Amino acid sequence: MSVTLNLPTVLAKLAGGQRTLEASGATVGELVSDVAARYPELEPRLRGADGAPYPYVTYYLNDDDIRLSGGFAAPVRDGDEVIVVPAIAGG
Amino acid sequence: MATTIGTSAAAPPAADPLPELTNAEILRYSRHLILPDVGLAGQRRLKAARVLLVGAGGLGSPLALYLAAAGVGHLGLVDFDVVDVTNLHRQVLHGTRDVGRPKLESARDRIADVNPHVELTTYETRLTSANALEILGGYDVVVDGTDNFQTRYLVNDACVILGKPNVYGSIFRFEGQASVFATESGPCYRCLFPEPPPPGLVPSCAEGGVLGVLPGLVGTIQATETVKQILGVGESLVGRLLLIDALRMEFRTVKLRKSPTCPACGTREIRELIDYEQFCGVGAEPEGEAVAELAPRELAARRQRGDALDLIDVREPHEWEIGHISGARLVPLATLPAALHTIDSSRDVVVYCKGGTRSARAARQLREAGFRRVWNLTGGITRWSDDVDPDVPKY
């Protein structure tokens, strides 16, 4: 099962400069594990040491916040898109 | 604390009849008046509106200019900063001749020139839990153009408590975010990000850089949402987060929902403002032992004496390229663990960065790795340029 994971520029440099990654898994959490295994430097920016998402990095599955659909347990289907949105504060 | 200037009468509360436009105002706003969704009634609504801009920097610049030009009758501006030359590549509210002046003073001059019909109240203060409710309470719409997490959570919570819409915008490097929070039915900033990142994880624009035109893009989006909010037209960004990628020039929106567990707008546990410095972990003592500091002049004296020092620059290569201290070598902070074997533990080690924060972290890492004679250059290359060698450029 292949899902697209979109990263902001600031995280792309930890994924070999790629903004868009293809990842596989049955849930958003599994996608993150798949990507973390391939890009170890990216892992601490995507999830905590406990494996849970951070409150300051929001994941959108097909434009919907996964916090409201089970968090990392949210199921994904082939062709889905996940966007990673970290908090920024510049002004 | 508040200073009000302006030539027009104070805008009446919303319940009062809308103010009339003078002939001079009718002429000035003619392109709005012939626009079906604004018209005379809309322009009078703009004149009656009171909008508070928190921050007169990158986002606050286009916001203040466009909202003043559009005829928002009363603008409030909160800022306590002074114009610095490094602001000018993006903060178009201020000019070269304003360097060193309080931002509120140059903003006042500029806004009066853009539109003398606008009444302006300035608050030369940091927005805090002690003054936020009082300041925000006098406005219809609040616009968040701040540059730090603690003020963003403060503005959010104050807006939720007071029931004021919070027009949000945020930028970093080439990317931006915008939304409208804290309306009656919509989500708030805490629904998007329940907690801030730990201090130091997300660099500020001063540390990480920002494309100069980016706050122009995001600030004008906030200004557009503010005007729409006042006019009650169109589809606002309530319930949507706009993500802007200037490098790809992509704009997309994702759905934002009100979180039932949000302590601000969901459960309403937050009934009064909290300590936002503490909430954001700001000012907390860094973990680990204190770092020994070395002033730039002391370093210069030691080098002159011929002391054998290993001077390590822990900034990024693109910063090194701007300028560096002669005799130093570059080991970016992220690569320090892998470069430990290149450091001779029998020599004194001095680390530096731009301002001393990253190198303090490097010094701590070196201490933890067993290096005993490690110093952090106080104030970094910026202070070195001030105190020792002005040929090294500051940035």
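Each reported figure results from applying straightforward, stated rules to the coordinates on display, with no laboratory input. Note that the structure is a prediction, hence the values are computed from the model and not measured. So basically every Cβ, Gly included, is an ideal-geometry build from the backbone, and we count neighbours across all protein chains shown.
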Only Cα pairs under 8 Å and at least 6 apart count here; give the relative contact order of chain B as a rounded whole percent.
13
Around residue B:29: net Lys/Arg minus Asp/Glu count, Cβ-Cβ under 15 Å:
+2
Let me have the 222 nm mean residue ellipticity of the protein assembly as shown computed from DSSP H runs of 4+ only, each contributing -39500 (n - 2.57), with the sum over all residues rounded to the nearest 500.
-8500 deg cm²/dmol
Estimated FRET transfer efficiency (residue A:24, residue A:50; beta-carbon r; R0 25 Å; 0.05):
0.65
Under the rule a/c < 1.5 gives rounded, and otherwise a/b versus b/c splits prolate from oblate, where does the stretch A:3-86 land using the Cα gyration tensor?
rounded
Note down the net charge around residue B:303, summing +1 for each Lys or Arg and -1 for each Asp or Glu among other residues with Cβ under 15 Å from its Cβ.
-2
Once the in-chain neighbours fewer than 8 apart are removed, the lysines whose Cα is under 23 Å from residue B:255 read B:164, B:228
Range in chain B, longest, excluding exposed GluC sites (Glu not before Pro) [loop by DSSP; at most 15 other beta-carbon atoms within 10 Å]:
B:21-183
If we restrict to alpha carbons, what Rg and Dmax does the stretch B:293-387 come to, in Å?
12.0, 33
Partner chain coverage, peptide A:56-63 - average Cβ within 10 angstrom:
4
Cut-off 16 Å, label 7 Å out along Cα→Cβ of residue B:84, residues of the stretch B:115-135 by amide N:
none
Between residue B:195 and residue B:30, what's the calculated FRET efficiency when r is the beta-carbon distance and R0 is 30 Å? Round to 0.05.
0.05
If we count every other residue with Cβ under 14 angstrom of residue B:331's Cβ, Lys/Arg +1 and Asp/Glu -1, where does the sum land?
-1
If you bin the C-alpha pair distances of chain B every 10 Å from 0, what whole percents do you get?
5, 20, 27, 22, 15, 8, 3, 1, 0
Relative contact order for the stretch B:195-299, counting Cα pairs under 8 Å that sit 6 or more residues apart, in percent:
21
Can you tell me which aspartates and glutamates have their Cα less than 12 Å from the Cα of residue B:354? Leave out same-chain residues fewer than eight positions away.
B:207, B:313, B:316, B:319
At a 10 Å Cβ-Cβ cut-off, how would you order B:342, B:224, B:146, fewest neighbours first?
B:342, B:224, B:146
Evaluate E = 1/(1 + (r/R0)^6) for residue B:125 and residue A:77, where r is the Cβ-Cβ distance and R0 equals 51 Å; express this FRET efficiency to the nearest 0.05.
0.50
Classify the protein assembly as shown: rounded, prolate or oblate, from the alpha-carbon gyration tensor (a ≥ b ≥ c, eigenvalue square roots; a/c under 1.5 rounded; otherwise prolate if a/b is larger than b/c)?
oblate
